[in-house]
Amino acid sequence: VLRSMANAAGLMTYNKTNVVKAIPDGGVDFKHFQSMFYEPVKVGKKKVSTPSWNLATWHARLREELRFNQPNVVVAAGNEALFALTGLTGIEHYRGSILESTLLPGLKVIPIIHPAAILHSRRWWLYYVGVADLKRVVEESKFPEIRRPTYGKLIWPVFEEVINWLRMAAR
């Protein structure tokens, strides 16, 4: 699915890596990774998972790999990659955003929904969302710096400003 999405987006060359570079006993069920690499910590009344020493070791290896390869843009495919690279969670909230890595400051990260999640969830419309996100990666790879779009806000516009905006939007 990733290869198909990359081809559709015009992303011709890329390197792949993983946060965790080992398959646990019993297959690739990620619940095993979560129990193996996350330690529950009580915060108030809730238990929150935090990275254990083992996952911190994988993060350190990923940091060194990225430092060695010096990529211009890193695609975080899925929640675990998003967390490892930025410390954020909630892939569907951040997908397609231009973020700065906390693992390696100054590095551009663009999260996408993991291709395996698209395949297994059968929400095929997410394929096209992923292609659009990878097109953003292609555009962002042309610039070494992190460029975020600026949005202008107009609060309480007067009548003439609304009319001018409508004329401009109708073009």
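Couple of notes before you dig in:
- Tally of residues being closer than 18 Å to HIS114 by Cα and either at pLDDT below 80 or surrounded by fewer than 12 Cβ atoms within 10 Å (Cβ to Cβ) (or both) across the stretch 1-13: 1
- Positions within the stretch 50-77 being modelled with pLDDT of 90 or more and part of a loop (DSSP other than H, G, I, E, B), in sequence order: GLN70, PRO71, ASN72
- Selection status of GLU100, more than 18 Å from ASN18 (Cβ to Cβ), charged (D, E, K, R), modelled with pLDDT under 90 and surrounded by 11 or more Cβ atoms within 10 Å (Cβ to Cβ): no
- Filtered residues of the stretch 156-171 (kept if modelled with pLDDT under 90 and of a type in the set (Lys, Arg)): ARG171
- Residue that is most open to solvent (accessible area, probe 1.4 Å), among those in the stretch 103-129 that are part of a loop (DSSP other than H, G, I, E, B) and of a type outside the set (D, E, K, R): TRP124
- No other residue among LYS16, LYS47, LYS42 is of a type in the set (Lys, Arg) and either modelled with pLDDT of 60 or more or in a loop (DSSP other than H, G, I, E, B) (or both) apart from LYS16.
- Meets criteria (part of a loop (DSSP other than H, G, I, E, B) and under 26 Å from GLU65 (Cβ atoms)) for GLU145: yes
- Which listed residue is within 19 Å of LYS16 (Cβ to Cβ) and modelled with pLDDT under 90, from GLU80, GLU145: GLU80
The values are calculated or read from the model by the stated rules, or taken from the named source; none is laboratory data. Everything numeric here is computed off the predicted structure, so don't read it as measured data. Cβ coordinates were reconstructed from backbone atoms using ideal geometry, including for glycine residues, and neighbour counts include every protein chain displayed. Note: accessible area is taken over every heavy atom of the protein model, side chains too, but ligands, DNA and RNA are not part of it. Shrake-Rupley method; radii C 1.70, N 1.55, O 1.52, S 1.80 Å.
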